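Each remark here refers to the structure printed beneath this line.
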Amino acid sequence: MKLISKIGLKLIIAVSLTTVLILSIYAYLNIAAQEDVLIEEVERHANQLSETIKKSTRFDMLANRREHIYNIINTIGEEPNIRSVRVLNKLGEVIYSADSLEIGTMLDKNAEACYVCHAENQPLEKLSIGDRTRIYKPDIASSRQLGIINPIYNEPSCWEAECHAHSSQQSVLGVLDITVGLQPVEKQIASSQIRVLIFAVVSIVLISFIILMIIRRIVDKPVKELVKATNTIAVGNLNYRIEYKSSDELGKLGESFNNMTKKLSDMRQQLLQSEKMASLGQLAAGVAHEINNPLTGVLTYSSFLLKRTKDNPELQEDLNVIVRETKRSREIVKGLLDFARQSTPKRNRVNINEVIERSVTVINNQLKLNRVELKTEFADLPETTADYNQLQQVFINLLVNGVDAIGSGGGTINIKTYVISLSPYGIKQIKQASCPNGHSLIDNDYRIEGMPSLKVKVKSANVEGIINLDPVYGKFRHYYGVSIKDDSDSYFHCPECDVLLIDKNMRCPECDSPVYSINIPNQGEVRGCMKQGCKWQKWESIDQRGKQSYIEVKVIDNGSGIPKDKLYKIFDPFFTTKGQKGTGLGLSVIWGIIDNHNGRIFVESQVNKGTTFTIRLPVI
Amino acid sequence: MSRNFDILIIDDEQVILDSVVKTAKLYGLTCDTTSDVKVALKKLEQNSYRLIISDIMMPVLNGFELLKEIEFRKPDTPVVLTTGYSSVEHAVKSLYSGAIGFIPKPFSIEELSSIIHRGLKYGDITKSMQNALDQSVFYVPCPAKYYRLGYSCWLNIDSDEYVTIGATDFYLKTIGNFNKIEMQEVNESISQGSICTRFISEDEEFYHHLLSSISGRIIERNDQLLTNMSLIEKDPYFNGWLYKIIPDELDQEIEYLIPCSSDRI
């Protein structure tokens, strides 16, 4: 792992550039303001100085004591930061100056000191302090200088003085020009700039460090964990889970990653199971083929012997056992083949009690081994039409499940059979339904309690959507894809062809809402109230048959039970609570068999108390 | 040198060969055996046989391919196919491909001898027919609009809802005398190629199995036959019907049936 991860580096560069930009703008504005303040101060100072000179020389001017004036200016001009002090007359001639060489020279009107007033053709006479100030560089190498001119205005005492040097017509007699060096200001500005620079560098370093720390904490660690997890999973360990828990995006990524691996793991498990089943089928077919050849030998030779020993009853008896048992083996192998091939059901008149008794004998040994006590309470049952072998498979499977749930500690399994009469209302499942144009309304994709629902489209002036109706006649666990607010103008339609599914000649006898009518092939129609919440439904052709008899079988064990969160899944294919021991197919096959017989299977369970399976089969 | 045998048995398992030979000997029939299909084909060219019993699952050529070869070389020799991987699909395919019978392993002596007798009888009838002018002397062919599974079980589509099935006259002629019929119950489901009726001879020596020409649920059966067995022999295609059935997959299964109209060229 690099010291600075790539994301960190990118973030640091971006943040540093932003910091530099912000600091530069800030420093520029700040230093400019600081410079303005400092220069203003210098300007004020220079102006004050020039006023002082003007005032202190006034008396000497009036007295025309030129030597005196010169001395004053000279003395002031010696101040280190004062570059020049001079007095110019109106013509631009330097009259007094701290630099004696300058005295008597003429200044060009375009010179720095003169330009301000003489920029226009007519020289200005009144100037503000800002206009009187000028900042310039005498030459490139030297530091900047600030010059300030102070006009000396004419006043009565001037022209009334004895020297009569000035006439009363003039308004400005000349100017006092002072130039001050800006070196201290520049020094201060430079040190400010250095401070800002240091500040910028320190901030960048600090910010980078903080970013680095943050990234380490919230990015590097989880990413590292994710990479590790990905590698682990790539190697094949689908049980690995990411520990990192946080509510941020990476936390969510980790969560969905865990979810993905869990799904992957489930799918692999299912794939393994179906492969197992497929190979079991192949194995069964192969074994059947192989075993059938030797069985043929046994069967023909033993029947052959049987023919040859007709006069030996003792031998006949033994041989008959061989023939009988070989034929039994043949049936077992046939069963194996049927299992591998999902044989077609063969329905006969059967007595369920008999089926259960036969199933019990098959696994009696297993019951004894696991110290399971079996109690049976059989009622007199009418015969019904069912596939004997399939039902036997159901009961054997349920008993084996019960034994497994009881475990090694021993327990009891109760089997009860009885007949009940039930009105079809609330029980009868609608297995076929169509619109008047023959489109099936059965929705296998949306199931209610495992049964395919009836799919209708609801349409009104402003809403349109799908409603999945409960397929059990007299039950109302409908799923509303849209909510029907105003029942008066929303009607059911076929989702395929949009044909109206409303009985126009009828209103709900309970709430006077419109009534829908769904065609049940060969079994009349089911009518019901359109209003959401109204529980009125009528299936006349079924009601007319009156109560129907059902055989119910309860298989009750006092085993470990099934937790609530798993109970609804137990009939799913490949769902197993037995881990590697089970295929997860048993109960789903049972469900399929019972459903094929138009029956229902229910389960109730309490952890550590036991499980009850109830099978309800119609008497037909 | 050409030789005549009653039966040629082809199977890669010695015990099967031995079993069939032993059973055949009970009836004084002569057998030739081989476990190699190529040898079998050579033998077919050299010798003559009244019946061939062959396994389906064999290396080089499987039973169905062998059937085609026999059709090509000795078209009139009846063939019975057998397999350890017994399924109704194999049964249907065997009969559709021209085998006169299908016997799943493991078989008992009764089952085997029944099918051997039926096969030999089939051969006898076809042979006599070649020498005669009129086929109807030997058996009544099934009506033109009927279908049949192999030569044995006919099917007539009565209406959109149900079909009627029964045994062909030819089949009845090959099984000879019987004095007991075992039938399936009403409401039972049967599969195409599964046993729908058993014709049992007097001393219970022969069990002739009729394989159903269609899958579906039996809605009616001809109970008259149980008491008046001669009815089926007198009028096999009309009053001697066996079952009325609501077919499961008529459209697909009819593919494996032969239209009786093809019998009258």
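The values are calculated or read from the model by the stated rules, or taken from the named source; none is laboratory data. Since the structure is predicted, the reported quantities are computational estimates derived from the model, not experimental observations. Cβ coordinates were reconstructed from backbone atoms using ideal geometry, including for glycine residues, and neighbour counts include every protein chain displayed.
If we keep just the residues of region A:279-312 that are facing chain B (nearest Cβ under 7 Å) and aliphatic (A, V, I, L, M), which is farthest from B:THR83 (Cα to Cα)?
A:LEU299
Could you list, in sequence order, the residues of region B:179-208 that are in contact with a helix residue (DSSP H, G or I) (Cβ under 9 Å, 6 or more places away or on another chain), crowded, with 18+ Cβ neighbours inside 10 Å and either among the charged types (D, E, K, R) or not in a strand (DSSP E or B) (or both)?
B:SER191, B:GLN192, B:GLY193, B:SER194, B:SER201, B:PHE206 - these are the residues of region B:179-208 that are in contact with a helix residue (DSSP H, G or I) (Cβ under 9 Å, 6 or more places away or on another chain), crowded, with 18+ Cβ neighbours inside 10 Å and either among the charged types (D, E, K, R) or not in a strand (DSSP E or B) (or both).
Identify all residues within region B:92-109 that are within 17 Å of B:LEU51 (Cβ to Cβ), of a type in the set (A, V, I, L, M) and within 14 Å of another protein chain (Cβ to nearest Cβ); write none if there are none.
B:ILE103, B:ILE109
Within region B:158-174, how many residues turn out to be small (Gly, Ala, Ser) and under 14 Å from B:SER212 (Cα atoms)?
The total comes to 2.
Examine region B:180-189 for a residue that is away from chain A (no Cβ under 14 Å) and aliphatic (A, V, I, L, M), and state whether such a residue exists.
Yes, that holds for at least one residue.
Exactly one condition in (1) touching a Cys at 6+ places or on another chain (Cβ under 7 Å); (2) free of Cβ contacts under 8 Å to residues at least 40 places away in the same chain is not met by B:MET129; state its number.
(1) is the only condition that B:MET129 fails.
Residues to consider are B:VAL39, B:VAL92, B:VAL88, B:VAL21; find the one that is within 15 Å of the chain's Cα centre (by Cα) and at pLDDT 90 or above.
Step by step, each of B:VAL39, B:VAL92, B:VAL88, B:VAL21 is checked, and only B:VAL92 is within 15 Å of the chain's Cα centre (by Cα) and at pLDDT 90 or above.
Tell me, which strands (runs of 3 or more DSSP E) wholly within region A:431-519 include 2 or more residues that are closer than 30 Å to A:ASP595 by Cβ?
Hits in region A:431-519: A:442-448, A:451-459, A:464-469, A:491-493, A:514-519.
For region A:482-511, give me the residue count where each residue is at pLDDT 85 or above and closer than 14 Å to A:LEU469 by Cα.
Total meeting the criteria: 5.
Looking at region B:141-179, which of the residues that are under 23 Å from B:LYS127 (Cα atoms) and basic (Lys, Arg) is farthest from the other protein chains (Cβ to nearest Cβ)?
In this case the residue turns out to be B:LYS173.
Can you pull out every residue in region A:516-554 that is aliphatic (A, V, I, L, M) and either under 43 Å from the mean Cα position of the chain (by Cα) or within 28 Å of A:LEU391 (Cβ to Cβ) (or both)?
A:ILE518, A:ILE520, A:MET530, A:ILE542, A:ILE551, A:VAL553
A:GLU79: over 25 Å from A:HIS166 (Cα atoms) and part of a helix (DSSP H, G or I), yes or no?
So A:GLU79 fails the test.
Can you confirm whether region B:9-19 contains a residue that is within 14 Å of chain A (Cβ to nearest Cβ), surrounded by fewer than 23 Cβ atoms within 10 Å (Cβ to Cβ) and in contact with a strand residue (DSSP E or B) (Cβ under 7 Å, 6 or more places away or on another chain)?
yes
Taking A:PHE395 as the residue in question, decide whether it is buried (at least 16 other Cβ atoms within 10 Å of the Cβ) and either of a type in the set (Lys, Arg) or more than 21 Å from A:VAL603 (Cβ to Cβ) (or both).
Answer is no for this residue.
Looking at B:GLU89, B:GLU45, B:GLU71, B:GLU65 in this structure, which one is surrounded by fewer than 24 Cβ atoms within 10 Å (Cβ to Cβ), in a helix (DSSP H, G or I) and within 14 Å of another protein chain (Cβ to nearest Cβ)?
Result: B:GLU89 is the single residue among B:GLU89, B:GLU45, B:GLU71, B:GLU65 that is surrounded by fewer than 24 Cβ atoms within 10 Å (Cβ to Cβ), in a helix (DSSP H, G or I) and within 14 Å of another protein chain (Cβ to nearest Cβ).
Only residues that are assigned to a helix (DSSP H, G or I) and more than 21 Å from B:SER189 (Cβ to Cβ): list them for region A:357-394, please.
Matches in region A:357-394: A:GLU357, A:SER359, A:VAL360, A:THR361, A:VAL362, A:ILE363, A:ASN364, A:ASN365, A:GLN366, A:LEU367, A:LYS368, A:LEU369.
Conditions first: (1) touching a residue at least 24 places away in the same chain (Cβ under 8 Å); (2) more than 13 Å from chain A (Cβ to nearest Cβ); (3) not acidic (Asp, Glu). B:LEU112 passes all but one, so which condition is the exception?
(2)
Pick from region A:419-430 the residues that are more than 24 Å from A:PHE571 (Cβ to Cβ) and in a loop (DSSP other than H, G, I, E, B): which of them is farthest from the chain's Cα centre (by Cα)?
A:SER423
Can you pull out the residues in region A:3-58 that are loosely packed, with under 12 Cβ neighbours inside 10 Å and small (Gly, Ala, Ser)?
A:ALA14, A:ALA32, A:ALA33
Working carefully through the options A:ASN64, A:ASN30, find the one that is on the phi > 0 side of the Ramachandran plot and either under 51 Å from the mean Cα position of the chain (by Cα) or modelled with pLDDT under 85 (or both).
Only one candidate passes the filter, namely A:ASN64.
Go through (1) modelled with pLDDT of 80 or more; (2) within 23 Å of A:ASN154 (Cα to Cα) and name the single condition A:PRO80 misses.
Condition (2) is where A:PRO80 drops out.
Restricting to region A:220-246, count the residues that are modelled with pLDDT of 85 or more, of a type in the set (Gly, Ala, Ser) and over 22 Å from the mean Cα position of the chain (by Cα).
The number of residues fulfilling the criteria is 1.
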